[in-house]
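Any read-out appearing in this document is the output of simple, stated calculations on the displayed coordinates, not a laboratory observation. Everything numeric here is computed off the predicted structure, so don't read it as measured data. Cβ placement follows ideal geometry from the backbone for every residue including glycine, while neighbour counts extend to all protein chains displayed.
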Amino acid sequence: MDMPANLDILITNDDGYTSKGIAELVSCMRQFGRITVVAPKYPQSGMSVALTLGRKAIAYRKVREGDGVSWSYVDGTPASCVKFALDQIYPDRKCDVVVCGINHGSNASVATNYSGTMGAAEEAAINGIPAIGVSLCDYSDDADFSKVTGAFPGIFMDLMEHVRPGSGICYNVNFPSAAVPLRGVRICHEGLGYWTRELDPWDLDEIPGGKEEGESLYVMRGRFVDCAPAGDRSADHHALEDGYISITPQTFDRTDRTEELRLSALMDKDF
């Protein structure tokens, strides 16, 4: 598709509307059009595509507006932020693109499956809207995003030029940490792996309000076990290690087509 000169861009994240990453993303995206920020009130990392459901009311507040940017928050998950925006802010039309980030920390490999950043992008893709998640391999609150803001606008233009509207595809873009020299861009697949020994006892003194009687407290840390085949440097997490920006096309359709065909040949029957 030819990219319009003035896009209507929805921006969200999973680190909360006050994070440095989303402010940096808004700053570098303003050149492309009108920006509407609808982001979580509080950090929502690890929420994947979870929704704020049930009897819990969803709080919304418009924080400020000016210079072509509208800022607001939703007290809910990242995917709920996208749902709210599409229902309440774009009820009669769709935004042109949803951009999620800049996430503090990598969303490569199986971290994608847990990521609230990519959950928001998936929610946009479900609704037929092009979506891009952007992450930096740096978890610090004051991370240096200069490499992202320098390179991402060009990546954004390339993706928007070649995107297939309504395809259900979203793009997972990860940047190496600022300490790693950039070598280029690679189109990747999601790397294989898992975490082990993920839960460590948590120091009681670090917990506001303490704990209830009988409770034990733990924190998730873990060690990543790399299961990518030896020499597979096109896995996204390996591309990052090699100094490349990884771009992984993803879809919300989780059907294993090979297994679908295999089982249908063995098990399809009429009663």
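Counting neighbouring Cβ atoms within 10 Å and putting the fewest first, the residues THR112, THR149 line up as THR149, THR112.
Taking a straight Cα-Cα cut-off under 15 Å and skipping sequence neighbours fewer than 8 places away in the same chain, the aspartates and glutamates within cross-link reach of LYS94 are ASP8, GLU123. Hydrodynamic estimate: the Kirkwood radius of the chain over Cα pairs, inserted into Stokes-Einstein at 25 °C and 0.890 mPa s, corresponds to D of 124 µm²/s. Pairs over the 32 Å Cα-Cα cut-off, from the set LYS20/LYS83; LYS62/LYS211; LYS20/LYS56; LYS147/LYS211; LYS41/LYS211; LYS83/LYS211: LYS62/LYS211; LYS147/LYS211; LYS83/LYS211. Over the chain, Cα pairs under 8 Å with separation of 6+ residues give a relative contact order of 18 percent.
Divided by 2.2 N^0.38 Å, where N counts the residues, the Cα radius of gyration of the range 1-126 comes to 0.98. Computed from the alpha carbon atoms alone, the convex hull of the range 219-261 holds 163 Å³ per residue.
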